[in-house]
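Colleague: Input: one structure, supplied below.
We did not get these values from a lab; they are worked out from the coordinates using the rules stated. All values reported here derive from a predicted model rather than from experimental measurement. In this analysis, Cβ positions are derived from the backbone assuming ideal geometry, glycine residues included, and neighbour counts consider all displayed protein chains.
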Ligand code: SF4
């Protein structure tokens, strides 16, 4: 299984951000208080998963790199007490380029963090300003340099494409500048504008110059070409890695593995049952202090729901899935569970013609919702 820890504060709120993230309140002790609450949740958590083997730990957010390294180290220690953390387990911490220095990175490395995921997003000063990011391209370059100095050999960079005013050529340049820093992994997501964000407001007012769908696809293809040219294989729709450097934690999600989430709004999944925490930091902390947990809801996925999700997640992966694996997992052949669907998708050119496997075609990868739709309940 994997463990996810949600660290909900950021130095500012980016204009596109739809995550459960809050601008850091300007009062002393907020980060320590939150880390203490998460520690309390780990200590008092029920025993269903105690002692299980953990292969990945992921500090996400928010901006985990805002937290004192000692607080991160304590959380890792608590997880080591609660679980059997596999030797060599992947321990990732998301960093914002403007929030790291060498002593902090060295302390994180000593505490067991062995993978840094750095939110570069773009290498254009103008684009970063438009996104509301509080850092510049040089902060990212410096953060990579410091992470290497601190001994991190597994580094991932995030970039976003399909940005307001961005051409496919600029998207490619962003990716190339990220790749020039030699990361082991790159995540490249197309911008999605959500209601409730500042970009959502601008879009409603007609003030957000978004690129056309064709330009977004062209940008995505340009990013992929840049990754492949740099020796990173596209193993998932939005993720690229050097051999042996795929994100183990994300692969666990894509394979419907079990994971436990701690922190505000964190989700957990055990064999088709999902649970999620209260999202707001204040209510989360109060619930943990009084009840020992902060569970806000729970649901069990139906068999059809699990099947549909299994297919959707595997279609995101480059390798797709084998018909045998589906049959083994659900006790029924794919063509019996979904009569005529595979043929129709083949005829539309949305999946590839491969013996014994189902894999999204080049076109299908851009239209994944259409490929997956007939399989979803
Ligand atoms: S740093 Fe990440 S989590 Fe924080 S506001 Fe920006 S996009 Fe959201």
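Colleague: Simple spin-label model, 7 Å along Cα-to-Cβ: residue 43 to residue 205 in nm?
Modeller: Here the modelled spin labels are 4.7 nm apart.
Colleague: Measure off 7 Å from each Cα along the Cα-to-Cβ vector at residue 229 and residue 107, then give the distance between these two points in nanometres to one decimal.
Modeller: 4.1 nm
Colleague: Moving to a separate point now. Using a Gaussian network for the chain with springs between C-alpha atoms less than 10 Å apart, which of these wobbles most: 204, 245, 306?
Modeller: For the chain, modelled as a Gaussian network with Cα springs under 10 Å, the answer is 204.
Colleague: Also: For residue 80 and residue 192 in the same chain, what is the full-extension length gain: residue separation times 0.36 nm, less their Cα-Cα distance, in nm?
Modeller: Additional length available on full extension: 36.7 nm.
Colleague: Efficiency by 1/(1 + (r/R0)^6): what FRET value for residue 180 and residue 18, r their Cβ-Cβ distance, R0 = 35 Å, to the nearest 0.05?
Modeller: Step by step, r from the Cβ atoms, then E = 0.75.
Colleague: Continuing with the same structure: I'd like the distance between the alpha-carbon centres of segment 298-377 and segment 1-53, rounded to an integer number of Å.
Modeller: Spelled out, the Cα-based centre of one part sits 34 Å from the other.
Colleague: Tell me the mean residue ellipticity at 222 nm calculated for the chain from its helices only (DSSP H runs of n ≥ 4, each -39500 (n - 2.57), averaged over every residue, nearest 500).
Modeller: One gets -12000 deg cm²/dmol as the mean residue ellipticity at 222 nm.
Colleague: If I model a spin label as a point 7 Å beyond the Cα along the Cα-Cβ vector, how far apart are those points for residue 255 and residue 336 in nm?
Modeller: Result: 2.6 nm between the two label points.
Colleague: With r as the distance between the Cβ atoms of residue 319 and residue 70 and R0 = 51 Å, compute the FRET efficiency 1/(1 + (r/R0)^6) and round to 0.05.
Modeller: After rounding to 0.05, the efficiency reads 0.80.
Colleague: Report the full-extension gain for the segment residue 370 to residue 148: residue separation times 0.36 nm, less the Cα-Cα distance, to one decimal in nm.
Modeller: 75.8 nm
Colleague: Using the count of nearby Cβ atoms within 10 Å as a rough guide to exposure, how do 127, 92, 167 rank from fewest to most?
Modeller: 167, 127, 92
Colleague: Per q in 0.09 Å⁻¹, report the Debye log10 I(q)/I(0) for the chain, using one uniform scatterer on each alpha carbon and no solvent.
Modeller: After summing over all Cα pairs, the log10 values are -0.55.
Colleague: Another question, then. Using every alpha carbon pair in segment 304-375, what percent of pairs falls into each 5 Å bin from 0 up to the bin containing the largest distance?
Modeller: 3, 18, 32, 31, 13, 3, 0
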